[in-house]
Amino acid sequence: MTGPVAIVTGAGSGLGRVIARALLADGWAVGLAGRRAEPLADTAGDHTEALAVPTDVGDAESVSALFGAVTDRWGRVDLLVNNAGAFGPAGTPDEIGVDAWRAAVDTNLTGSFLCAREAFAIMRRQDPRGGRIINNGSISAHSPRPGSIAYTATKHAITGLTKSLSLDGRPFDIACGQIDIGNAATEMTQGIATGAKQADGAVRPEPTFDAQHVADAVRYMAGLPLAANVQFLTITATTMPFIGRG
């Protein structure tokens, strides 16, 4: 018997890989979405209940193909972890090119919407009905870093996406929560651990924490019955400059 079915985006590396492997270890069947096939295969390893589907989350047809492949294999979707994202362009607003801005929006915001849209359509009609969506918001859904207007704007928008999905999902037993992560140790945060620009202009290294703790938090959120929901969960390195940032 196949266990519950999840889709994890950005599963080829970083947090997505750690989360996907944790779910597989817990007996989930997992659709692995990411741009490149080889890293997805590395995430899947020898798990027979992993399905690697190269996907551009910013492209509606690609996202539709992802969800089609998963439902063709397992017949349903119980969990979507909307994790794919990119830092995007760095600089003051006048230094950010329009194309770079749009690329960040396409990946971080439109990509999350397109995946949530597909998941919602499946979850409301499947039997048993319902499911859960977990959006990766980031600390930047609360407070910006200097020179991060595209990333920060998209992550603030994820909070609105989460709230709307929660409200619109109520009649269909669809729960939606958000996890906001500060400095989990991944490839994306290697530069932060070496030195990150602060609000006062100084560059200082910031503490990180083991990404497995993020996976454990997602496991907890995903393991709740649909009658309960973690609406927002913030997990950070204890001494990172977030509370009182700037």
| field | the stretch 215-239, residues that are in contact (Cβ under 8 Å) with a residue 60 or more places away in the chain and within 21 Å of THR194 (Cα to Cα) | value | THR236
| Taking interchain pairs and intrachain pairs at least six residues apart, which have beta carbon atoms under 6 angstrom, with the first residue in the stretch 105-126 and at pLDDT 95 or above and the second of a type in the set (D, E, K, R) and surrounded by fewer than 20 Cβ atoms within 10 Å (Cβ to Cβ)? | GLN126/ARG76
| request: For residues that are in a loop (DSSP other than H, G, I, E, B) and charged (D, E, K, R), scanning just the stretch 199-240, find the one that is nearest to the chain's Cα centre (by Cα). | output: ASP210
| Among (1) under 26 Å from ASP180 (Cα atoms); (2) within 20 Å of the chain's Cα centre (by Cα), which single condition is LEU51 missing? | (1)
| message | Checking GLY14 against (1) touching a Ser or Thr at 6+ places or on another chain (Cβ under 7 Å); (2) modelled with pLDDT of 95 or more, only one condition comes out false. Which one? | response | (2)
| query | Looking at the stretch 43-55, which of its residues are exposed (fewer than 14 other Cβ atoms within 10 Å of the Cβ) and among the acidic types (Asp, Glu)? | reply | ASP46
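Quick one: which residue in LEU15, LEU66, LEU24, LEU40 is touching a strand residue (DSSP E or B) at 6+ places or on another chain (Cβ under 9 Å), assigned to a helix (DSSP H, G or I) and either within 20 Å of ARG124 (Cα to Cα) or of a type in the set (Ser, Thr, Tyr) (or both)?
Working: LEU15 fails: either within 20 Å of ARG124 (Cα to Cα) or of a type in the set (Ser, Thr, Tyr) (or both); LEU24 fails: either within 20 Å of ARG124 (Cα to Cα) or of a type in the set (Ser, Thr, Tyr) (or both); LEU40 fails: either within 20 Å of ARG124 (Cα to Cα) or of a type in the set (Ser, Thr, Tyr) (or both).
Selected residue: LEU66, the only one of LEU15, LEU66, LEU24, LEU40 that is touching a strand residue (DSSP E or B) at 6+ places or on another chain (Cβ under 9 Å), assigned to a helix (DSSP H, G or I) and either within 20 Å of ARG124 (Cα to Cα) or of a type in the set (Ser, Thr, Tyr) (or both).
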| query | With respect to ILE235, is the statement that it is in contact with a strand residue (DSSP E or B) (Cβ under 8 Å, 6 or more places away or on another chain) and within 23 Å of GLY58 (Cβ to Cβ) true? | reply | no
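Every residue, every condition in (1) over 26 Å from ARG129 (Cα atoms); (2) in contact with a Pro (Cβ under 8 Å, 6 or more places away or on another chain); (3) at pLDDT below 95, yes or no:
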{"position": "ALA25", "(1), (2), (3)": "no, no, no"}
{"position": "VAL30", "(1), (2), (3)": "no, no, no"}
{"position": "PRO39", "(1), (2), (3)": "yes, no, no"}
{"position": "GLY68", "(1), (2), (3)": "no, no, no"}
{"position": "TRP74", "(1), (2), (3)": "no, no, no"}
{"position": "ALA100", "(1), (2), (3)": "yes, yes, no"}
| query | In the stretch 187-246, how many are in contact with a Cys (Cβ under 9 Å, 6 or more places away or on another chain) and over 20 Å from HIS156 (Cβ atoms)? | reply | 1
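Out of GLY12, GLY34, GLY3, GLY58, which single residue is of a type outside the set (A, V, I, L, M, F, W, C), in contact with a Gly (Cβ under 6 Å, 6 or more places away or on another chain) and free of Cβ contacts under 8 Å to residues at least 40 places away in the same chain?
On the way: GLY34 fails: free of Cβ contacts under 8 Å to residues at least 40 places away in the same chain; GLY3 fails: free of Cβ contacts under 8 Å to residues at least 40 places away in the same chain; GLY58 fails: free of Cβ contacts under 8 Å to residues at least 40 places away in the same chain.
None of the other options fit; the residue is GLY12.
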| remark: The one condition ALA193 fails out of (1) of a type in the set (Gly, Ala, Ser); (2) within 28 Å of PHE120 (Cα to Cα); (3) free of Cβ contacts under 8 Å to residues at least 60 places away in the same chain; (4) part of a helix (DSSP H, G or I) is (2)
| query | Got a sec? Which helices (runs of 4 or more DSSP H) wholly within the stretch 96-185 have at least 1 residues that are closer than 26 Å to LYS197 by Cα? | reply | 98-105, 149-169
| message | Could you tell me how many of the residues in the stretch 158-198 are surrounded by fewer than 14 Cβ atoms within 10 Å (Cβ to Cβ) and β-branched (Val, Ile, Thr)? | response | 1
| field | Options ARG17, ARG76; residue that is over 27 Å from ARG145 (Cβ atoms), buried (at least 16 other Cβ atoms within 10 Å of the Cβ) and not hydroxyl-bearing (Ser, Thr, Tyr) | value | ARG76
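The values are calculated or read from the model by the stated rules, or taken from the named source; none is laboratory data. Predicted model only: the values in this text are computed from it and were never measured. Reconstructed Cβ throughout: ideal geometry from the backbone, glycine too, with neighbour counts over all protein chains shown.
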